[in-house]
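This report concerns only the one structure given below.
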Amino acid sequence: MNNNYQDQSQPQQTTKPFWREYWYVLLFIIAFIILLITYILRSLTPQIPIQENSYQGITPGYSKIGDFKTKFGQAREVIETNRGTQYNFAPEFESVQNNEVVTDQAGTIQFIKELVPFNREHNLQVYTQVWGDYDLHLHKQSFAPAVWAYVFLNKGVVIFAHIDGDVVEEKWYFTPTSEANFLKSWGENLTDTGSGPEQLDIAPIQP
């Protein structure tokens, strides 16, 4: 009788669930798994390189037209040219002219034209001080004679600057290439004499 009473009076020990005892270990394991999955997904996702010829993170030869639309909205107009599909976008300042993006059949951006707002501090020297001398010094037919194109072939950039202070008015971005390939493609309307070939044959299509 007494033994039974003593057994009943002693506190019963309860076993805690494993997750309560080692919750911090489980939390660490879950965090590790999440980080591992994130790393694997990033490794499998193609990374767009940011280079000298990148326009606000959009890089010719890598970025898709969808990347550009996500960042800058829908195109004002879509045109088929002999170089590819050209998308005309509104620049980031008030202008009736357009920024231009040209893609190949797969929708990969191959060329970007950026209109540059006037800023006397934004001149050709900003680029030559970093990149060194330009490769080509050409003229664009549709531009005034005082505006010249300074081509950096290995950077994939053309700087259009006015001879008055070398102020930048326009920039082109493309995949770095040789002089011969550039003059056959994006530079086909540029010349060193001030009179170049005719403009591209274009036919508007629906955006």
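The number of residues in region 161-181 that are within 20 Å of Gln86 (Cα to Cα) and crowded, with 22+ Cβ neighbours inside 10 Å comes to 3.
Taking the conditions (1) within 22 Å of the chain's Cα centre (by Cα); (2) at pLDDT 80 or above; (3) not charged (D, E, K, R) in turn, Val167 satisfies each one other than (1).
The set of residues in region 99-127 being among the β-branched types (Val, Ile, Thr) and at pLDDT below 95 consists of Val116, Val126. Considering the conditions (1) over 18 Å from Pro60 (Cα atoms); (2) in a loop (DSSP other than H, G, I, E, B); (3) touching an Asp or Glu at 6+ places or on another chain (Cβ under 7 Å), Phe93 is excluded by exactly one of them, (3).
Inspect all residues belonging to region 131-146 and state whether any of them is part of a helix (DSSP H, G or I) and either over 22 Å from the mean Cα position of the chain (by Cα) or more than 19 Å from Asp67 (Cα to Cα) (or both). Within region 131-146, one or more residues are part of a helix (DSSP H, G or I) and either over 22 Å from the mean Cα position of the chain (by Cα) or more than 19 Å from Asp67 (Cα to Cα) (or both).
The values are calculated or read from the model by the stated rules, or taken from the named source; none is laboratory data. Predicted model only: the values in this text are computed from it and were never measured. Counting neighbours? That spans all protein chains shown, and the Cβs are built from the backbone with ideal geometry, glycine included.
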